[in-house]
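Engineer: Could you have a look at this structure, given as structure tokens, before my questions?
The values are calculated or read from the model by the stated rules, or taken from the named source; none is laboratory data. Since the model is a prediction, treat every value here as computed from it, not as a measurement. Methodologically, a virtual Cβ is constructed for each residue, glycine included, from the backbone with ideal geometry; neighbour enumeration extends over all protein chains shown.
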Amino acid sequence: MSKRPRTDRRLLGTWCSDREATVAEWRFRKRLSPEKRRRFLDIFGHLRITYSPTRVRVIFHKEEAVGRYELLATDPESVAIRHGVMSLDKTPRIQHLHFEGPDRYWIALGSNREWFKRVLPRRRIPKRRSG
């Protein structure tokens with residue numbers, strides 16, 4: 001029996017909550033006033049998550065948390081990991097990430113889903129030599 005891999009290469013890198021994609025398909029179960037709806041939807045687009053081979057770093061506005069994660073399973077469309085970084089009580093939770101190509105994934109939030117897009121590394125521009 002082969003040893004389970006420690007990570008999945010699709011996961012590695014930095015991801016940002018995709019507010020536009022998430023809000024476009026969000027469905028509310030009960031009616032909210034326009035103000036409450038706006039305030040709720042304003043939470044999306046601020047979460048930034050970076051996965052290394054063994055750790056996850058989460059930044060939401062100015063709050064940051066870092067911890068280890070464990071890869072539980074993979075298939076051609078998804079990965080399942082366990083970590084406690086985003087739970088308020090730090091209790092490890094299983095999170096299932098569903099990939100839609102190399103640069104997008106979503107997670108289930110009740111009957112809805114939050115979309116994430118890969119943050120591509122900035123290309124370094126060589127400094128011009130003076131003279």
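Engineer: Tell me yes or no: at least one residue of the stretch 39-55 is surrounded by 14 or more Cβ atoms within 10 Å (Cβ to Cβ), among the aromatic types (Phe, Trp, Tyr), farther than 23 Å from GLY110 by Cα and under 14 Å from the mean Cα position of the chain (by Cα).
Structural biologist: Checked against the condition, which is being surrounded by 14 or more Cβ atoms within 10 Å (Cβ to Cβ), among the aromatic types (Phe, Trp, Tyr), farther than 23 Å from GLY110 by Cα and under 14 Å from the mean Cα position of the chain (by Cα), the stretch 39-55 yields at least one hit.
Engineer: Still on this structure, please answer the following. Checking the conditions here, which among GLY84, GLY67 is at pLDDT 90 or above, surrounded by 14 or more Cβ atoms within 10 Å (Cβ to Cβ), farther than 16 Å from TRP115 by Cα and touching a Gly at 6+ places or on another chain (Cβ under 7 Å)?
Structural biologist: On inspection, the qualifying residue turns out to be GLY67.
Engineer: At least 1 residues that are without any contact (Cβ under 8 Å) to a residue 60 or more places away in the chain in each: list the strands (runs of 3 or more DSSP E) lying fully within the stretch 1-107 that qualify.
Structural biologist: Counting at least 1 such residues, we get 47-51, 55-60, 63-68, 70-75, 78-83, 93-99.
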